[in-house]
1. Of all the Cα-Cα pairs you can form in the range A:385-675, what percent are over 23 Å apart?
2. If you take every residue apart from residue A:653 with its C-beta less than 14 Å away from the C-beta of residue A:653, what net charge results, scoring Lys and Arg +1 and Asp and Glu -1?
3. Over the range B:174-309, one equal point on each Cα, no solvent: what is log10 I(q)/I(0) by the Debye formula at q = 0.10, 0.11, 0.12, 0.20 Å⁻¹?
4. Could you name the lysines whose alpha carbon sits less than 20 Å from that of residue B:681, not counting residues in the same chain fewer than 8 places away?
5. Sort A:564, B:497 from largest to smallest accessible area, using a 1.4 Å probe on the heavy atoms of the protein chains.
6. So, in nm, how far is label residue B:678 from label residue B:135 when the simple model puts each one 7 Å beyond its Cα toward the Cβ?
7. On average, how many beta carbons from a partner chain sit within 10 Å of the beta carbon of a residue in A:622-631?
8. Highest first, please rank the peptides B:58-68, A:457-467 by the mean number of other Cβ atoms sitting within 10 Å of their residues.
There are 2 protein chains.
Amino acid sequence: MSRPVLLAVLATLAAAAPGVGLAQSAPAATARADDATPVLVSPDQWRAMAEAGDRYPMFAAERARVEREVRAAMAAGINVPQPRDLGGGVTHEQHKANYKALAGAGALYRMTGDRAYADFARDMLLEYARLYPTLSDFSGGAASVKGRLFWQALNDSVWLVYAAQGYDAIRETLTPEQRETIDNDVFRRMARFLSEENAPYFDRIHNHATWATAGVGMTGYVLRDPALVDRALNGTRRDGSAGFLRQVDELFSPDGYYAEGPYYQRYALAPFIIFARAIQQNEPERGIFQRRDGVLLKAVDGVIQSSYAGLLFPVNDAMPDKGLTSEEIVTGVAVAYSQTQDPTLLSIAEGQGRTLLSPDGLAIARGVSEGLARPFDFRSMQLRDGPNGDLGNLVFLRHGGANGQALVMKNTQQGQGHGHFDRLGMLFYDNGQPIVRDYGAARFLNIEAKAGGHYLDENDSWAMQTVAHNTLVVGGASQFGAVWQTGEEHPTTPLFFEVEDGLQIASARLEHGYDGVVLTRTLAMVEHPDLQFPVVIDLFRADGQAATDYDLPLHFNGHIISAFEAEHSVRERPVLGEANGYQHLWVDAVAAPTSESRSLTWLLDGRFYTYRFAASSPISALLVESGANDPNFNLRREPALIQRMQGQADASFFSVLEPHGLSDGTAEIVQGATSRIADIKRVAGDGAEVVVLTLVSGKTLALGVAHDVTPGARHRVQADGQTYEWTGPYARFDR
Amino acid sequence: MSRPVLLAVLATLAAAAPGVGLAQSAPAATARADDATPVLVSPDQWRAMAEAGDRYPMFAAERARVEREVRAAMAAGINVPQPRDLGGGVTHEQHKANYKALAGAGALYRMTGDRAYADFARDMLLEYARLYPTLSDFSGGAASVKGRLFWQALNDSVWLVYAAQGYDAIRETLTPEQRETIDNDVFRRMARFLSEENAPYFDRIHNHATWATAGVGMTGYVLRDPALVDRALNGTRRDGSAGFLRQVDELFSPDGYYAEGPYYQRYALAPFIIFARAIQQNEPERGIFQRRDGVLLKAVDGVIQSSYAGLLFPVNDAMPDKGLTSEEIVTGVAVAYSQTQDPTLLSIAEGQGRTLLSPDGLAIARGVSEGLARPFDFRSMQLRDGPNGDLGNLVFLRHGGANGQALVMKNTQQGQGHGHFDRLGMLFYDNGQPIVRDYGAARFLNIEAKAGGHYLDENDSWAMQTVAHNTLVVGGASQFGAVWQTGEEHPTTPLFFEVEDGLQIASARLEHGYDGVVLTRTLAMVEHPDLQFPVVIDLFRADGQAATDYDLPLHFNGHIISAFEAEHSVRERPVLGEANGYQHLWVDAVAAPTSESRSLTWLLDGRFYTYRFAASSPISALLVESGANDPNFNLRREPALIQRMQGQADASFFSVLEPHGLSDGTAEIVQGATSRIADIKRVAGDGAEVVVLTLVSGKTLALGVAHDVTPGARHRVQADGQTYEWTGPYARFDR
């Protein structure tokens, strides 16, 4: 179709529907191979969204939200300022607001047929067409790769991802001249800036480059430019050595785990999912969502699995208040649902309380509204780390559904610098609460008064140190000498992971966290008819070459109900140590070394928790609290128990954590406030240990763990008139 | 109707409906003046409840709950043990379970027609008829008035209140002989025990005696014994000098405030409401719910008004986790709704999530199910204390509905020993959270490991002391020398209480809290177009006769974002003092005295709070935390700011508390993190003070407060080129 003919057709179409109502005025789908019909969302999809009206509350609510946002932007007038400010500054925030307004206005134009939205987006893009060609690299700031609209190229990439969606929706409404202006002076120039002028950046295998490939690739689809799409998919050399497909192959483990951990997985997910969706829409034959056995969908599932009560497990340098309601996960859930129709994703969407203004969001809203949602299957699983899945794992042992018990074992890598020194760390959740918790990152994100919203000094001095986590500290130092690059060279070795009826167990070994000491931890979640809830049995072994000191912290959460006998610092509180995080711990109480088992009971949100513990040599027990050496009140004040063994080469720490009972302050009811476990002991044999729980009923529940985890190896431990014999790495004995 | 004729009628009725379905088998209402038809709930009311079936979810759920409870009791078999144990012990809990089972079985018999329920209640009551005559006063325990079934008479009274309801429901099913046995050997004997053998107890004006009058009075209705009813209503002398009516007249203030405070008001409410309902049912002409201008309904409203986010304000020796879902308030709401049909009570019932298996509960469930609920009107109000309303007040200043701002001023009496030494205390709630809070009682109710579940030593040494509250400490001591009886003799004097558009204000004076020092506090909640939320302006004056020291604590709740310059105790934490609660405070930081205003900003649940403060003479500022001298970890660890002025006779502390901004960890959005108030100053004139806020915009907002609160008095303060002139106790100036 020649240009004059096309214009005539458009004029006819416009004349045919003057001032019409919603359903008709939504742009009609046509069969013609027009070069400006929307391609990121098809005309049919737009029509379905327009026709949905207010039928599906979640969709209607999102539409109303976007309408408010876009109308406010329209009322404020177009503002495309000369870039000047760093992140958070006025021009930075304005360009961010603009890309959201562009995407929103495009969608609203398609859904309402109201040309005012299209004209607003057009006029804004024409402003960008005037500004952008005049820009050179941002001056100021410390970005490794500078942007043009923003201080760093990352933000320019994000701008392109969103603006391309808005442009796609309204491009059909433009004159050829306008289209050419915007095509060339905004989109092609930005694509060139990202993929040619910054080719090394574009070709990185890193999530920042994923935003760049997504922006360039989506621009390619919108401009009908296969070469741009090819660069995006296969890198600037167009040989697959870089680009989006390579990023998909290398940035996720085979289980969909992202190297930087769940907190960053949530963030990294967005460009992968958004661009994959565009690829699926335009080149379904690529089967992008099936690539690597569906790794992108596994990544969405994995990030949800990495959460409890709506919040992501705060391992690997994470803000503990980050949850599933984040925009990126809303996007991930909607796109994944469109691909799979998995009804359990709908319950996650219900929890999020919102969805997208997109075909995927419509599907979510319709599914929820039709009552199709089913509970999400939070299940026991391991997420292997590393592109080949051989760099450790993150283990979840679950029981009792979403708000039941969740035991997390952290055996992953150092997260490319975003990891803490917390290998073999454990977390425990129950009753909707963190019971044994991780501090997360020491940071008040975006709060200016707290170090400008950046990482606090206490992130290094406390949050990254080993003592801030629930894993063994050797010689008062942090794992790998607190050097993350060293950590990246030494993966943790998963030994076994089994989920049986009534017994779930995982074990892993860390050989190089400390020189000359091999650490092996085995964690099990065990059910027993005498016990109200599953209990956590923990056996933590250190095999050292020389006498040293071992500290095993337990960062418990709750109010102490009863503790072991100890000397209390009631008149002044000393600080525990000088360095490696110890300088941030106040000492509340110290109990002298003993071989006897001790217990600590605390109460949280109406449930009691009793932790019963001892070790292979006498240990002292310290009750401490974070917050020392903190003149700016940067740290949260959280209690911990530290088990301390001194002057030993080898150590085995063994314990059981038991949730029990009920305290209802309103009904004034207390039940089951005392533990149903009477004692814990360890018996050691040749190459194996057995942790024996004696229940109040007199029954025993024992867990045997062998040093040699070969499946067929036979083990035998004899003590106290009992013989424990088994084959394989572990065994349970009920007597 | 003679007895043989009645039996014949009953036999005929029974024969007419053998094995029939639910609707028919529910006992039929008859017009005959039978001496065994139910009187506490009429046959018509029972039928309506039976016919409701599963139509109203809240009612159906409660019925299912009671069914489970009663069936479990029936399955366990009747167990009416010889009384032996104290509270919490086996026989104590069994007799408690029995009265619930009796009331439940009676209701279920009426609603299902299933004789098994009636027979179970009958057989249990016949067991009581065998046991009860053999009992003498309980031996052991330290009850001031011993019970027979229980260690204290209070529990016997409660037993009677519930058992009478169950008996009323099934009495019609008994043979005359059975009825006579139970009438005489259980109910008349218990009524005699409570109202004759313990006449002085029965005649007390105290909520324990209310349970006794309620039990005896309801027994009177069930047994058709007007003399018993008369004793219950008018006391053993039957002259109105004691008894239930007198209790209604004296235990509540004219505004429905109960002398022991909201926490105990909730508890005391139950027998008042339950018995009043029985009176209304049997003698509506008494207009019991209209008595004293409807004081019982005011008491229900008052206890709801005394709550925030579902929890009662923890003033006067209260457990801070006690909420509106307590059984007593469920009862109060249901009965009040039946009397008033106030649809705002339905939203409270929705929040409670349950209701009663009674006609009132049916009305609630129907109202909720029909969507009649309206938001409860949490409003600014004062509840005067004392039978005549002249013993101080409890003030609530509210804005923005249930989860908006609530400022509480505590000017009530000493709560008959259940009060803390916290006159002129203030609490502030916002955004669903306590922002400036009260410790409540130091107690883990019913948790054996914590001092047997009784008050902890720290209740005396910390929670009851003045420094544990948000009010002025003079000379390091607690109000009234920490002797509550002294406190009861000296009411706080409310000076004024006004609710205007944009300005709500209350003021009160305490003359005898400390010898030779008169304390006057004025609290205002003020709106201003520049400010996102209302702010709290506080002016606390002390007029002393000699130089002394003043400490003003602020028990704030949240994480410190920025604080004034101070010397920090980073390496060890000293204890603040030796006695009067100070021994429980760790010192985190101390700022030297200055006359300049300071500020402290904290963050709670996504909102910032900036407190800006200064005083008439230089003050130091201390940041402290509770938890020192607490070897059993009995105290919660909560931060506080203490403003300290030393060596002055007179003092004026002035401050403003400003909620602002937003921090959303999931969306990673921070807005309005800095205060919009630039400074606070105080200018003093002859007999008046003006607190002047300078806003960031340059505007000022000033509050003038006069010492003389006579309405017509004129005041004039001049300073800094500004003149403030007004008439009356206070005035606002916007410039």
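1. On the way: 23344 of 42195 pairs.
Counting every Cα pair in the range A:385-675, those more than 23 Å apart make up 55 percent.
2. Once all neighbours under 14 Å are counted, the net charge is +1.
3. -0.33, -0.40, -0.47, -1.11
4. Partners found: B:699.
5. Descending order: B:497, A:564.
6. It is 7.4 nm.
7. On the way: counts 0, 1, 0, 3, 0, 6, 5, 3, 3, 8.
Per residue, the number of nearby Cβ atoms from other chains is 3 on average.
8. Numbers: B:58-68: 18.0, A:457-467: 22.5.
Peptide ranking by packing, descending: A:457-467, B:58-68.
The values are calculated or read from the model by the stated rules, or taken from the named source; none is laboratory data. The structure displayed is predicted, hence computed values, not measured ones. When we count neighbours, we look across all protein chains shown, and the Cβ atoms used for this are built from the backbone with ideal geometry, even at glycine. Accessible surface areas use protein heavy atoms only, side chains included; no ligands, DNA or RNA. Shrake-Rupley method; radii C 1.70, N 1.55, O 1.52, S 1.80 Å.
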